[in-house]
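Every read-out reported here was derived from the displayed coordinates using simple, explicitly stated rules and does not represent laboratory data. All of these numbers come straight from a predicted model, not from anything done at the bench. Here the Cβ positions follow ideal geometry from the backbone for every residue, glycine too, while neighbour counts run over all protein chains shown.
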Amino acid sequence: MARVTTETRDHIAFVTLTRGDKMNGVDQAMAEALIETAHGLAEDESLRAVVLSGEGRAFCAGLDVASFAALAGGDPEEIVMPRTHGNTNMYQELVLAWRKLPVPVIAALHGVAYGAGFQLALGADVRIAHPETQFSIMEMKWGLVPDMGGMVLLPQLMRSDVLRLMTYTAEPVSAEQALGWGIVTELSDDPLAAATKLAGTIASKSPSAIRAAKRLIEVAESGAGEDAVLVAESREQADLIGKPHQMEVIAANMQKRAPKFD
C-alpha cells in the first residue's frame, strides 16, 4: 500500500500521507516514500508550489510504535549516525528534504502533529492548521530528544524558553497556542482549502522570482552574516531583472491582466 500519493494540478503538487488508519504514523516505508517524493519534486522545473497534508483523522501522529520498537532493538550508532543523504540521516532527510525544495511548501494540518509529524510540518514554509489541531515535541515521552531536523528548524520559529518548555515536557499544545508562539502561520476551519488557495496565489507569481525568494530567505536565515545576505540579494535581483518572467509581469501589470508564464 502506498504511503504517500502525489497529484499535480496547475503547477501545484498535492502530496498526501495515506496511512490514515494509523493516523499517518511514520514507519520505514513512509520515511522512504517521503524522501523519494520530495527528491522527485525537487527535479520538477515546472513545479511552483506544494501542498502537504494527511488523510484521515490526523496529519501525522508521529513515529510508528512498531518502528520505534525495531529501532530500540538495533544498534543506535548504526541507525542514526550514518549520513545517508549529504549531512543528514534518513529520518532527518524526510523532514529537511521538504525545506530544501526550491518552491514553497504549505502544510495543511489537522488532528495532531506529534513528534515526527510535528517535525515534518516544520519542513514546510507555511503551516495552516485547523483550530482543534494539537502539537507536541513528543520525543521526551519516550526518553529521547528531537532528532529529525527539528533543532535546525525550531530555533528559527520559537523563543528559546518556549522551545525548551515543549521539549522538556512533551505536553501537547493547542493550535491557538501554537499560533501565538509562531509555530503555526494561521488557523482555518478548512486548512486544505486554505492551503490550496494560498498555493494558487503563489503559483500565479513569477516562478523564477518565487524560487529566488526562497533561496534568499534561506540565506538570510542561515546566519551567513550581513555581507553574505547583501550579496545574495544583489545576485538574485541581477538574475531576475529584464528576464522573460519579469518582463511578463511588467507587461501584465501595464495591461491589467494576469501574467502568463511558460
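Numbers for the structure displayed
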| item | result |
| --- | --- |
| Crossing angle, helix 191-203 versus the chain [Cα axis fit, 0-90 degrees, rounded to tens] | 30 degrees |
| Among 114, 91, 168, residue whose mean-square fluctuation peaks in a GNM of the chain (springs only between Cα atoms under 10 Å) | 168 |
| Distance between modelled label sites at residue 32 and residue 5, nm, 7 Å Cα→Cβ extension | 2.1 nm |
| For the chain: relative contact order, % (alpha-carbon pairs under 8 angstrom, 6 or more apart) | 16 percent |
| Cα gyration tensor shape for the stretch 4-203, rounded if a/c is under 1.5, else prolate or oblate | oblate |
| Sorted by Cβ neighbour density within 10 Å, fewest at the top, the residues 187, 230, 101 | 230, 187, 101 |
| Sorted by Cβ density within 10 Å, fewest first, the residues 137, 79, 12 | 79, 12, 137 |
| Estimated [θ] at 222 nm from DSSP helical runs (n ≥ 4, -39500 (n - 2.57)) normalised by residues in the chain, nearest 500 | -14000 deg cm²/dmol |
| Fewest-first sequence of 128, 250, 183 by Cβ atoms within 10 Å of each Cβ | 250, 183, 128 |
